[in-house]
Every structure is written in structure tokens, then in C-alpha cells.
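Engineer: Please read through the structure below; I'll follow up with questions.
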Amino acid sequence: MKITVERDELLRALNHIQGLVEKRNTVPILSNILLDVNDNKLRIFATDMIIEVVQSLNCDVLNTGKTTISAHTLYDIIRKLSTGSQVEIMQAGTKDPIEIKSGKSNFKLPSISPEEFPTMDNAKMPFNFLIKSNDLCLLLDRTKFAMSAEETRHYLNGIYLHAENVKDKEALIAVATDGHRLAKIQLDKIDKIGNMPSIILPRKAVLEIRKLLEDYEKEVSISLDENKICFSLEALTFSSKLVDGHFPDYSKVIPEGNKNILIVNRKSFSEIVDRISTVSTERSQAIKISLEKKMLAVSASSPDSGSAVEQLAVNYDSEPINISFNARYLLDITNNINEENIRLELETPSSPTLIRGEQDASCIYVIMPMRI
């Protein structure tokens, strides 16, 4: 194998896969990336056996071939080479070291046989649709904070994606919950999702694909079956196995008909909750919300930090209520609502509260109260 490639293009490609590869791995080949050279293209494969990223880039090919190389060593070398330089990568045979040349720099690195590198088979992915990158980012951003990280309930360690018929239109719905809070967003106007299987996208896949979408503005092609999913972003494909499990019937925890309605300025409410939580107990981060006609009070206390209270005039004409929440959970929700005012629908101090923007009902949040 022998190629010449632009240093900047190679560095950009390696940046896309860095988060997936562990420096120290109990399976040595998983610390490597696969370089596959063919048809004037260099394809770079990275995998952790659950997720696979494949990045393609143009190069000048003198000899085709495959090899594997330490992902982090190659990244560090390329990163330290001069901007705008040319990089020559070559290997005489699969048992020989890999040579990397650029200017007067010359490196020789060990390799592992490419035959040992595991790749995913994405040939049979019967379900396909297109989604705008900003819509996909919205789905992930509005729900990922509510994913669980507990291994005991692995089926909550991700985002539940499914299609649903809403008012005679197909909608793509994303849901995440950790048992304490729930986030749900509904996207309309996405074609060809009527027969989409319901899936759970793993937590790590959610975080990694979101990074890759940061500077990508075009449509994303999604292919999936009941076991895996593939996102195609032009020269990059991101594939992941899915969580094996059944997501609970989340509709049972979304309250309907809560009678106590609070409309409050999102920024003012968030700032008060953040300020008052400074003295809350570090572990529980509990704050108490007291509501009466036209007035809201947020308070907190702890044996070590003291107490605090702050009031705010609000649009509230329902029954008086005292209810407690985890301040961090509450702020995670309010920080993901892009409206001037938010709407809280409350019932009792022990019942779940529904939160959404005052105008937009396509994205809703549910938070369980605390007992303090």
C-alpha cells in the first residue's frame, strides 16, 4: 500500500473518529483503525464493536491495500505536522511496519493484520428515510439529557425513536427518560417513516453522532433494521447496534388534565431556581416551589449551607400548591425550551408535572416531584 494525502484532510477525518477509539483496550485491534485504499479513495474504519465510523477521503494512490494502525498515535503525528503539508503513507507488506513521511519527518509504526479488524455488515438495511441535519440535531438535543446512565435498566440508556400517526400524519418521535424526568419531541413532515421499526439508539451512539453533526448542514440518510442503524453524511457513515430491550410505555407517565397552570418567563424562572439551589443539599439539589395567586416563591435549605428564598410575580390563578423538585433536573428542562415563557401544568405535590413552551406543544417534558 502506498498513498499521498493532504495533511489537513486526513486530520479532519481522524478528528471524526477520535471519540470512538479507546487508547487502552483489552482487545488490541480496537485501539487501531483500518486504512482501506482503493479507487483513489482512502477509507478509514474505527469501531468499538457496537459503533462503527467510516470516513472516506480523496488521495493519490500508488498502490492499493489495507492495514491497521494505532488511531491515537497516527492522530498525534498528523496533528503535529505542518498545515498544508503532504503526507505519504506506505507499507510493503502486512507484516512490515507502516511508514509515514512528510517533509523531513519519517515515522515507522507497528501494525496488526487487517484481517483481525471487525467490520459491520450494513448491506441489508430495509428501512430508509431522509432527515434534515438540523431536525436530527433537534431530536437529539431536546431529549439526550434525560437518558439514563444506570446499567440496571439498560433499555433506558438511549433515545427511543418511533413513528406514530398524529392527526392523520406520520410523525417521528424521540423519547428519553431516566425515571425521574422524561423528554419527548415530535417531528412532522418526514416522509416514508410509516413502517419504521421502533428502536432504542444507545447513549454512546447518541453522543457521538451529535458531535459529527456539529458542522454538517445537509440531509442525513438513515437506514435501519431491528438490530442496527446507519447514518450517512456524504463521505462519512456512522453505524450502531441498537439497545436490545423494550422501552416502557411512556404515555402512562405523561399527565393529562393537570389543573394548576403556571405561565412564567423562562429566563427569570431559571435564574431564580439556579440562585436558590446554591444552598440546597448537594446530593438531592432539592428546591421547593410555592404557588399562590399571582405569586411564586422558590426556597431551599440545608443543614450545612443555610436557607434561601426568592419571590416572583407570575401568571397563576389556580389553587395554592407547594411542590419540590431536583433543581438540576428542572434547569435541564428549562434550558432546552426556546421560548420566552414556559408552561407548567401541576396537579398535586406528589404527581408528575408537565412542562413545555407556552406556544409549542411538539416538545414536552415531565418531571417527578421530590419528597423533602
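The values are calculated or read from the model by the stated rules, or taken from the named source; none is laboratory data. These numbers were taken from a predicted model, which means no experiment stands behind them. Using ideal geometry, Cβ is built from the backbone for each residue, glycine included, and neighbour counts are taken over all protein chains shown.
Engineer: Mind telling me which of the residues Arg283, Arg275 ends up being more than 20 Å from Glu358 (Cα to Cα), out of contact with any helix residue (DSSP H, G or I) (no Cβ under 9 Å at 6 or more places or on another chain), of a type in the set (D, E, K, R) and modelled with pLDDT of 95 or more? Lay out the reasoning, then the answer.
Structural biologist: On the way: Arg283 fails: modelled with pLDDT of 95 or more.
It is Arg275.
Engineer: What number of residues within segment 81-109 satisfy the criterion of being free of Cβ contacts under 8 Å to residues at least 24 places away in the same chain and either in a loop (DSSP other than H, G, I, E, B) or closer than 16 Å to Thr64 by Cα (or both)? Write out each step before concluding.
Structural biologist: To start, the set of residues in segment 81-109 that are free of Cβ contacts under 8 Å to residues at least 24 places away in the same chain comprises 92-93, 95-97, 99, 101, 103-104, 106, 108.
Next, only the ones that are either in a loop (DSSP other than H, G, I, E, B) or closer than 16 Å to Thr64 by Cα (or both) stay: 92-93, 95-97, 99, 103-104.
Qualifying residue count, segment 81-109: 8.
Engineer: Just to verify a result, which residue in segment 330-358, among those that are free of Cβ contacts under 8 Å to residues at least 60 places away in the same chain and in contact with a Leu (Cβ under 9 Å, 6 or more places away or on another chain), is farthest from Pro255 (Cα to Cα)?
Structural biologist: Arg356
Engineer: Give segment 309-328 a look and list any residue that's crowded, with 18+ Cβ neighbours inside 10 Å and of a type in the set (Gly, Ala, Ser), or say none.
Structural biologist: Selection gives Ser324, Ala327.
Engineer: Restricting the first residue to segment 30-45 and requiring it to be over 14 Å from Thr73 (Cβ atoms), which pairs with a second residue that is aromatic (Phe, Trp, Tyr) meet a Cβ separation below 9 Å and a spacing of at least six or different chains?
Structural biologist: Between residues of segment 30-45 that are over 14 Å from Thr73 (Cβ atoms) and residues that are aromatic (Phe, Trp, Tyr), the close pairs are Leu30/Phe117; Leu34/Phe45; Leu34/Phe117; Asp36/Phe45; Phe45/Phe117.
Engineer: Out of Ser301, Ser305, which single residue is touching a helix residue (DSSP H, G or I) at 6+ places or on another chain (Cβ under 7 Å) and more than 17 Å from Ile323 (Cβ to Cβ)?
Structural biologist: Working: Ser301 fails: more than 17 Å from Ile323 (Cβ to Cβ).
Going through Ser301, Ser305 in turn, the sole match is Ser305.
Engineer: Scan the strands (runs of 3 or more DSSP E) fully inside segment 312-372 and keep the ones with 3 or more residues being over 22 Å from the mean Cα position of the chain (by Cα) and within 15 Å of Leu296 (Cβ to Cβ).
Structural biologist: Ranges flagged: 321-326, 341-346.
Engineer: For segment 21-40, how many residues meet the condition of being modelled with pLDDT of 90 or more and over 22 Å from Glu99 (Cβ atoms)?
Structural biologist: 2
Engineer: Can you find a residue in segment 244-252 that is more than 30 Å from Asn227 (Cβ to Cβ) and of a type outside the set (A, V, I, L, M, F, W, C)? Write out each step before concluding.
Structural biologist: So in segment 244-252, the residues more than 30 Å from Asn227 (Cβ to Cβ) come out as none.
Looking for residues that are more than 30 Å from Asn227 (Cβ to Cβ) and of a type outside the set (A, V, I, L, M, F, W, C), one finds none in segment 244-252, hence no.
Engineer: Return the total of residues in segment 18-70 being in a strand (DSSP E or B) and not basic (Lys, Arg). Please lay out each step first, then the result.
Structural biologist: Initially, segment 18-70 is screened for residues in a strand (DSSP E or B), giving 32-38, 41-47, 51-58, 60-63, 65-70.
Restricting the remaining residues to those that are not basic (Lys, Arg) gives 32-38, 42, 44-47, 51-58, 60-63, 65, 67-70.
Number satisfying all stated conditions: 29.
Engineer: Looking at Glu99, Glu52 in this structure, which one is more than 20 Å from Leu233 (Cα to Cα) and of a type in the set (D, E, K, R)? Lay out the reasoning, then the answer.
Structural biologist: Numbers: Glu52 fails: more than 20 Å from Leu233 (Cα to Cα).
Only one candidate qualifies: Glu99.
Engineer: Which members of segment 329-372 meet the condition of being basic (Lys, Arg) and surrounded by fewer than 17 Cβ atoms within 10 Å (Cβ to Cβ)?
Structural biologist: Quick first cut of segment 329-372, residues basic (Lys, Arg) only: 343, 356, 371.
Result: Arg371, single match.
Engineer: Which residue is farthest from Leu224 (Cα to Cα), if the candidates are limited to segment 121-161 and must be assigned to a strand (DSSP E or B), in contact (Cβ under 8 Å) with a residue 60 or more places away in the chain and not charged (D, E, K, R)?
Structural biologist: Gly158
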